[in-house]
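First up is the structure itself, then whatever we jot down about it.
Every number here is computed from the coordinates shown, using simple stated rules; none is lab data. Nothing here was measured: the structure is a model prediction, and the numbers come from that model. When we count neighbours, we look across all protein chains shown, and the Cβ atoms used for this are built from the backbone with ideal geometry, even at glycine.
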Amino acid sequence: MFNWLLKFADNTKLFGKVQSELDSTGLQQDLQRLLDWSREWQMEFNVEKCEVMHFTGGTNRNYRYHMDHKVLEVVKEEKDLGVLITNDLKALQQCTAACNKASRDLGMIKKTIVYKSKEVLLNMYKLLVRPHVEYCTPVWSSCYQKDKTLIQRVQHRFTRMIPGFSKLPYCERLKRLGL
């Protein structure tokens, strides 16, 4: 049995492939060792915040795990460093959340910026909107066309905001803006 431990700042992740009762027992033992270590070094976990996520798969039996005699809550999604991870490992929810944030910022630009030159709007788009749909894309980048289309809509909407661009074909708008 081989489990992995990842730490970043005050976040700790213990994970492994669990296909049998023996694997589950090994993961629980590693969890207990981690808890013992944290007490020894006076870096205790807030057990109330600890959770378990079972990733979908044919052999996943959703075993239960505990810390300090408390059964850990099973979750289907978790936000980690700003990226929404779901137990099915699909990017739909992350993509939707990123596009919603980007759309809100795009709407704010449209309502508040009076001087709507191509340069000003392009800089605002690159500064405020685009980071939402590009943040951590190697982690969550979607392989589904419907998710890509959702992201593309944000950029499409932006390109129509540029004075004199709304009647141009989308590909021409992108070319002229260097996008």
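Computed from backbone phi with θ = phi - 60° and the Karplus coefficients 6.51, -1.76 and 1.60, the 3J(HN,Hα) list for segment 76-84 is 9, 8, 8, 8, 10, 6, x, 10, 8 Hz; x is used for glycine and proline. Starting from the Cα of LYS17, draw a straight line to each of the lysines and keep only those under 27 Å, dropping any in the same chain fewer than 8 residues away. Cross-link targets: LYS7, LYS49, LYS70, LYS76, LYS79, LYS90. Taken one residue at a time, the phi angles of segment 122-127 give Karplus couplings (6.51, -1.76, 1.60, θ = phi - 60°) of 5, 5, 5, 4, 5, 7 Hz. Gly and Pro are set to x. Bridgeable aspartates and glutamates around LYS110 (alpha carbons under 17 Å apart, same-chain partners fewer than 8 residues away excluded): GLU119.
The label-point distance for HIS66 and ASP10, in a model that sets each label 7 Å from Cα toward Cβ, rounds to 2.7 nm. Of the chymotrypsin sites (Phe, Trp or Tyr not before Pro) found in segment 64-136, those in coil by DSSP whose Cβ has at most 10 other Cβ atoms within 10 Å are TYR115. Straight Cα distances below 18 angstrom link LYS146 to the aspartates and glutamates ASP88, GLU134, with same-chain residues fewer than 8 positions distant left out.
Computed from label points 7 Å out along Cα-Cβ, the spacing between GLN29 and ARG104 is 4.7 nm. Computed log10 I(q)/I(0) for the chain at 0.11, 0.12, 0.16, 0.19 Å⁻¹: -0.65, -0.71, -0.96, -1.22, from the Debye equation with unit scatterers placed on every C-alpha and solvent omitted.
For segment 56-114, the extents of the C-alpha atoms along the principal axes are 59, 30, 13 Å, listed from largest to smallest.
At full extension, LEU168 and GLU21 could sit 46.8 nm farther apart than now, given 0.36 nm per residue minus the alpha carbon distance.
Tell me, in nm to one decimal, what length is gained between THR56 and TRP37 on full extension, where the rule is 0.36 nm per residue of separation less the Cα-Cα distance?
Working: separation 19, 0.36 × 19 = 6.84 nm, distance 2.99 nm.
Length difference between fully extended and current span is 3.8 nm.
To the nearest 0.05, what FRET efficiency results for ARG160 and CYS136 with a Förster distance of 35 Å applied to their C-beta separation? Using R0 = 35 Å, I get an efficiency of 0.80.
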